[in-house]
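Asker: Once you've had a glance at the structure underneath, I'll fire off some questions.
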Amino acid sequence: MRRHILTLVASRFGLALAVLLLLVWSVGPIYWSLVTSLTSPTDLVSTTPHFWPPSVTLEHYGKLLGATSWSQGNQVQSVWPQFSRAFVNSLVTSIASTVLTVVIAAFGAYAFVRLRFPGRDLLFILVVATLAIPAYTVMIPLYRLMISLKLIDTYTGVTLIYVSAFLPLALWLMRSVYQSMPVSLEEAAWLDGASKIYTLVRIVMPLAAPGLIASAILTFLNAWGQFMIPLVFSPTLATKPLTVLIPEFVTRNYVDYGLMNAAGILAIIPPVLLVLFLNRYLVQGLMAGASK
Amino acid sequence: MKRRLFLSTVAALHIALLAPALPALAQTAKPLAGQTLTVLLPPWVTLPKEMTDRFTEKTGITLNSQTLGWDEIRTKIVTSMVANTAPASATEIDWSWVGQFGAAGWYQPLDGILDPAVLADLPTSKIFTYDGKLIAIPYNNDFRVLIYNKSHLDKAGITSAPKTPDELLAAAKAIKAAKIAEYPIGLPLSATEGSATAWYLLTKAFGGELFDEKFEPLFTAPDSAGYKAMRFEIEALKAGLIDPAATGLKDVEIQELFKSGKISFDVAGWAGNLAVYTDPSKSQVAADAKAALMPSVTGKSRTFGLPGALGIPTSAENKDAAIAFVHWMLEPETAIADYTLLGNLPTRLSVLKTLNDDGKLKEGDVLLEQAGLVEPLFAQGTPGWYPEFSSAVASALNQAAKGQISVDDAVKQIAAEAKNAQQ
Amino acid sequence: MTYAPSSVRPRFYNGDAGLGLAFAIPIIVIMGALVFLPLVTTFIDSLYRVEPMRAGTPFVGLGNYKALAADANVRLAWINTLIYVVVAVVLETVGGLGAALLLNKVKFGRRWLLAALILPWCLPPVVNAVVWLWIYNPSYGLLNGILQSLGIISQNKVWFNDRETALFLVALVHVWRMMPLTAIILLAALQSIPADLYEAAKLDGAGPIKSFRLVTLPLISGGLAIALSQSTVFAFNLFDEAWILTGSSLDTRTVIIQVYMSAFQNLKFSFGMALSIVAMLASLLVSLIYVLKVYRETRFD
């Protein structure tokens, strides 16, 4: 009996330890970044790590969001205009590509599952096969294509590239979602005289909503985090996203780690919010994509 | 009643008299008012608010200044210009990009925008001509000089600044032995341009050149200046005279180390930086920062110039505002502020003279003496393949510093890449 | 397969094709113009010399590929990429499996544990790199700070000076980001294993390790294959982390960084395109191996 309790306690303890390890591993670095962004510059260069800033300061955030900023000991213009513009750019391209991708995938995946048309299976295989192709294989000719179409440094150009990059995954996901739904529901509607489109929009999609939401979240996160593509295709502040602006900050404020971490923290607010509030859909979506 | 009527009539008359003059005044004062100008500049031209405010006040143009690490600026300009999109209306143009950018025809000739008197005041503008046309106007008169921390040397019992590379090594060893600074010599060794230019400087210090007139490498033989220069750096690193973390540090980060008193020698010191090093609000070694002529094996100091200039891309919008910006940057008031607040040495001779006469040119005597010994890195003009070559130098130097390849292999690698780049 | 009753089939069959194509056209247009066409262009142009700074585009046949084979930097980049792939796949699979097993066992607060687990994956890789850059900082970083206070090292170590540690540390940041994906895939696979199989194994006297080997592993092999192939492709694509942490240093340069540098810094487009074709073939080959292996294994079901 005693042995039983001991092993139970040991295994529970082991489990708790493992959970703690996982938490520290996953969230630790982000926590550290947050602490750094709230630590004063003098405390940052001390040799002992503090797990909570000795004196919390908002000066780094002030440099980013304030009316003026500081650089190399001089008071300089506020970086807020650049920062806010980059944030808006990130938001616009991420949302636009998400909406476009989900809409195309919602209808397209249905076509792959329920509608017969010539070349259906081949097209699906080709599209999904692009997931295995590294992004940069097409970057150079894409660059030249965008130049000739005059779409460099435009929201349209970048959004289209994102859509082409994230559509395969969304299609795969939605296809498995549609496949797991019984046809009988739709058949009932067809027998009642509903058109295919009506059935799709009014009956199937609401049921597939979790899948749609998951696709949307995945696409948004992917788009928000893009770096190399906008590095090439969004050179000026007109369309430059936050992910490109922050390393630029790093190169310009080479020893201001508090500032760099503060910029990083600001940039991860939307993804963190998504994870906090919508993680159920996200996990569902990932697992649905995984179980195919 | 009458009085009020009288007063209002007088007022109305005044306004009527002045009214035609007012718009004319406004027009001549700020023809470009309300426009926004984007400029792309390196970190050491992150203009302080007082300067940007002055620009806006003077011209009515809102300045949107984007500063980017130096190594990133060239890539940004290149990727944008190939796509026919100007990254900004005015950008930095480094002396080393003139060959490549000039050949590509990306920048607008600026021959007409300056007064001939001002142009004569800018001897470095010669470096920025391509095919007879002036494609950029220099505003940053960087050349290299040895900057050292006098108190470190005093404490180690060294009475005068080193004049040869060997003396530099000896001084560093003495400082390290006396435990004044753990890593006395400051040289960048990361795979960035600052590391490459430091090596070029040391090559000159060892009495040699990089290439001959036909651009054949001169640094592969063990007794050549370039070889010796690289060996000097690697051996100093191995002897613990250079911080091992330097393999991840750029030149601007080495400067921060000097400002905090951690290193004794800023070997590839930027002449203008003395203004910042001696500013107590920005540097912890304000009282001790001094300059000396670049050490040289021949006894006659040599150095080279790395001026920075402003250019206007051909596809830029707001070209007039950009021209106004260039004019403003060259104004004596701006150039002096640029020097005192940011450490960028003015390019106009008259301004330099004013600064020196006023005693505001920090270490002015040494600077002026060194200025007389400035050579161009490439006598024949900077070739278009320089950026690719320089990147290869930085990578090889970085690898050698990390102990991954020997100095021998490094110079051979650089020579091979130079050949590659020249094709 | 549609199970529509035969009486309705003819009426919908014709409409099917039209509607299906209508839905598929945006996909065809976008993927065609932005992926397949550039892919073909990449391949064709890699046989020419395309450099914006030089006039003309002469046909050079396999010249670019020969230059690739001869280039020492490219060889080094390949080795680096391979090392990243191996390290990343191994660590992600082992770590992901461990995390998946743990999550499978945990009932209380699983939702929040999952949220914490996938957090690294959801952040922009660039921000991850900045965060870890600070952790790896030789003088003030957390890594050196912790190691020193634990007495493991006596003075601050410059981690990026040694090629081995540099490669490992860059890979670690990538693993930190990608492990959640593997964990989720394996978790989904674990949850599809019926509990009675474990009961049966226990009745047969199998201990935890044996039942893992005989029950768990075979049944998650499908998920394992997917996770492995995803890990590989993403590791092949490693750019952001290496670029932010070590820039253009040769000892940590990946193939994709080399493509970026050749194309956008040196403006040698055709060289970059040839390299990216070779990289694509390598990546496809490895993925194909996984897919075939899974196909063969699931066939025996």
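Asker: Quick one: B:Pro138 ticks every box in (1) part of a strand (DSSP E or B); (2) farther than 30 Å from B:Gln108 by Cβ except a single one, so which number is it?
Answerer: That leaves (2) as the condition not met.
Asker: Just for the stretch C:152-182: of the residues that are modelled with pLDDT of 85 or more and assigned to a loop (DSSP other than H, G, I, E, B), which one is farthest from the other protein chains (Cβ to nearest Cβ)?
Answerer: C:Asp162
Asker: Further question: Identify the single condition in (1) within 14 Å of chain A (Cβ to nearest Cβ); (2) of a type in the set (S, T, N, Q); (3) under 26 Å from the mean Cα position of the chain (by Cα) that C:Asn73 does not satisfy, given that it satisfies every other one.
Answerer: C:Asn73 satisfies every listed condition except (1).
Asker: Here is a follow-up. Could you list all residues from the stretch B:182-192 that are crowded, with 23+ Cβ neighbours inside 10 Å and not hydroxyl-bearing (Ser, Thr, Tyr)?
Answerer: Correct list: B:Pro184, B:Ile185, B:Gly186, B:Leu187, B:Pro188, B:Leu189, B:Ala191.
Asker: Can you find a residue that is assigned to a loop (DSSP other than H, G, I, E, B) and more than 11 Å from chain A (Cβ to nearest Cβ) anywhere in the stretch C:95-117?
Answerer: No, the stretch C:95-117 has no match at all.
Asker: Here is a list: B:Thr334, B:Thr340, B:Thr354. Which entry is open to solvent by less than 10 Å² (accessible area, probe 1.4 Å) and of a type in the set (Val, Ile, Thr)?
Answerer: B:Thr334
Asker: Looking for whichever is in contact with a strand residue (DSSP E or B) (Cβ under 7 Å, 6 or more places away or on another chain), surrounded by 19 or more Cβ atoms within 10 Å (Cβ to Cβ) and not small (Gly, Ala, Ser) here; the options are B:Tyr130, B:Tyr107. Which one fits?
Answerer: B:Tyr107
Asker: Answer yes or no as to whether C:Ser262 is within 30 Å of A:Ile140 (Cα to Cα), modelled with pLDDT of 85 or more, in a helix (DSSP H, G or I) and touching a Phe, Trp or Tyr at 6+ places or on another chain (Cβ under 6 Å).
Answerer: Spelling it out, C:Ser262 is indeed within 30 Å of A:Ile140 (Cα to Cα), modelled with pLDDT of 85 or more, in a helix (DSSP H, G or I) and touching a Phe, Trp or Tyr at 6+ places or on another chain (Cβ under 6 Å).
Asker: How many of the residues making up the stretch A:186-223 are free of Cβ contacts under 8 Å to residues at least 60 places away in the same chain and among the basic types (Lys, Arg)?
Answerer: Residues that pass the stated criteria total 1.
Asker: Select from the stretch B:335-348 the residues that are in contact (Cβ under 8 Å) with a residue 40 or more places away in the chain and more than 14 Å from chain A (Cβ to nearest Cβ) and list them in ascending order.
Answerer: B:Ala335, B:Leu345, B:Pro346, B:Thr347, B:Arg348
Asker: Can you go through C:Phe43, C:Phe36, C:Phe23 and tell me which one is facing another protein chain (nearest Cβ under 8 Å), in a helix (DSSP H, G or I) and within 25 Å of the chain's Cα centre (by Cα)?
Answerer: One residue alone meets the criteria, C:Phe36.
Asker: Just checking, how many residues over the stretch B:82-105 are closer than 24 Å to B:Lys126 by Cα and outside any loop (DSSP other than H, G, I, E, B)?
Answerer: 15
Asker: Quick one: is A:Pro168 over 18 Å from A:Thr101 (Cα atoms), within 12 Å of chain C (Cβ to nearest Cβ) and not β-branched (Val, Ile, Thr)?
Answerer: So A:Pro168 does not fit the description; no.
Asker: Additional query: Which residue pairs have Cβ atoms closer than 6 Å, lie 6 or more positions apart in sequence or on different chains, and pair a first residue in the stretch A:104-128 that is of a type in the set (A, V, I, L, M) with a second residue that is in a helix (DSSP H, G or I) and surrounded by fewer than 16 Cβ atoms within 10 Å (Cβ to Cβ)?
Answerer: Correct list of pairs: A:Val113/A:Gln179.
Asker: Here's something else I'd like to know. Surrounded by fewer than 15 Cβ atoms within 10 Å (Cβ to Cβ) and part of a helix (DSSP H, G or I): does that describe C:Arg54?
Answerer: So C:Arg54 does not fit the description; no.
Asker: If a residue must be open to solvent by 10 Å² or more (accessible area, probe 1.4 Å) and among the aromatic types (Phe, Trp, Tyr), how many such residues does the stretch B:282-331 contain?
Answerer: Counting residues in the stretch B:282-331 that are open to solvent by 10 Å² or more (accessible area, probe 1.4 Å) and among the aromatic types (Phe, Trp, Tyr) gives 0.
Asker: If you take just the helices (runs of 4 or more DSSP H) that sit entirely in the stretch A:88-197, which of them hold at least 2 residues that are surrounded by fewer than 16 Cβ atoms within 10 Å (Cβ to Cβ)?
Answerer: So the answer is A:120-129, A:155-179, A:183-191.
Asker: Quick one: would you say B:Pro387 is more than 19 Å from B:Asn273 (Cβ to Cβ) and either touching a His at 6+ places or on another chain (Cβ under 9 Å) or buried (at least 19 other Cβ atoms within 10 Å of the Cβ) (or both)?
Answerer: It is true that B:Pro387 is more than 19 Å from B:Asn273 (Cβ to Cβ) and either touching a His at 6+ places or on another chain (Cβ under 9 Å) or buried (at least 19 other Cβ atoms within 10 Å of the Cβ) (or both).
Asker: Out of the residues in the stretch B:62-81 that are assigned to a helix (DSSP H, G or I) and at the interface with chain A (Cβ under 7 Å from one of its Cβ atoms), state the one that is nearest to A:Val250 (Cα to Cα).
Answerer: Here the answer is B:Glu72.
Asker: Here's something else I'd like to know. Starting from residues that are touching a residue at least 24 places away in the same chain (Cβ under 8 Å) and open to solvent by less than 10 Å² (accessible area, probe 1.4 Å), keep the ones in the stretch C:98-121 and report whichever is farthest from the chain's Cα centre (by Cα).
Answerer: C:Leu103
Asker: Also, I was wondering about something else. Quick check: anything in the stretch B:257-264 open to solvent by 10 Å² or more (accessible area, probe 1.4 Å) and either among the aromatic types (Phe, Trp, Tyr) or on the phi > 0 side of the Ramachandran plot (or both)?
Answerer: Yes, because at least one residue in the stretch B:257-264 is open to solvent by 10 Å² or more (accessible area, probe 1.4 Å) and either among the aromatic types (Phe, Trp, Tyr) or on the phi > 0 side of the Ramachandran plot (or both).
Asker: Let me ask something else about it. Within the stretch B:228-253, can you find the residues that are touching a Lys or Arg at 6+ places or on another chain (Cβ under 7 Å), of a type outside the set (A, V, I, L, M, F, W, C) and surrounded by 24 or more Cβ atoms within 10 Å (Cβ to Cβ)?
Answerer: B:Thr247
Asker: Take the residues in the stretch A:24-53 that are open to solvent by 20 Å² or more (accessible area, probe 1.4 Å) and more than 16 Å from C:Leu142 (Cβ to Cβ), then tell me which one is farthest from the chain's Cα centre (by Cα).
Answerer: So the residue we want is A:Thr42.
Asker: Please work out which residue is farthest from C:Asn104 (Cα to Cα), limiting yourself to the stretch C:170-201 and to residues that are open to solvent by 10 Å² or more (accessible area, probe 1.4 Å) and touching a Pro at 6+ places or on another chain (Cβ under 9 Å).
Answerer: Checked the stretch C:170-201; the qualifying residue farthest from C:Asn104 (Cα to Cα) is C:Arg177.
Asker: Looking for whichever is within 11 Å of chain A (Cβ to nearest Cβ), of a type outside the set (Ser, Thr, Tyr), open to solvent by less than 30 Å² (accessible area, probe 1.4 Å) and without any contact (Cβ under 8 Å) to a residue 60 or more places away in the chain here; the options are C:Gly272, C:Gly222. Which one fits?
Answerer: Answer to the check: C:Gly272.
Asker: Evaluate the stretch B:407-416: report whether one residue or more is surrounded by 23 or more Cβ atoms within 10 Å (Cβ to Cβ), at the interface with chain C (Cβ under 10 Å from one of its Cβ atoms) and assigned to a helix (DSSP H, G or I).
Answerer: There is no residue in the stretch B:407-416 that is surrounded by 23 or more Cβ atoms within 10 Å (Cβ to Cβ), at the interface with chain C (Cβ under 10 Å from one of its Cβ atoms) and assigned to a helix (DSSP H, G or I).
Asker: On to the next question. Which residue is modelled with the lowest pLDDT, if the candidates are limited to the stretch A:54-75 and must be open to solvent by less than 30 Å² (accessible area, probe 1.4 Å) and within 18 Å of B:Ser283 (Cβ to Cβ)?
Answerer: Result: A:Ser71.
The values are calculated or read from the model by the stated rules, or taken from the named source; none is laboratory data. Keep in mind it's a predicted model, so treat the numbers as computed, not measured. Cβ coordinates were reconstructed from backbone atoms using ideal geometry, including for glycine residues, and neighbour counts include every protein chain displayed. Each accessible area value is taken on the protein alone, full model and side chains, heavy atoms only, with ligands, DNA and RNA left out. Shrake-Rupley method; radii C 1.70, N 1.55, O 1.52, S 1.80 Å.
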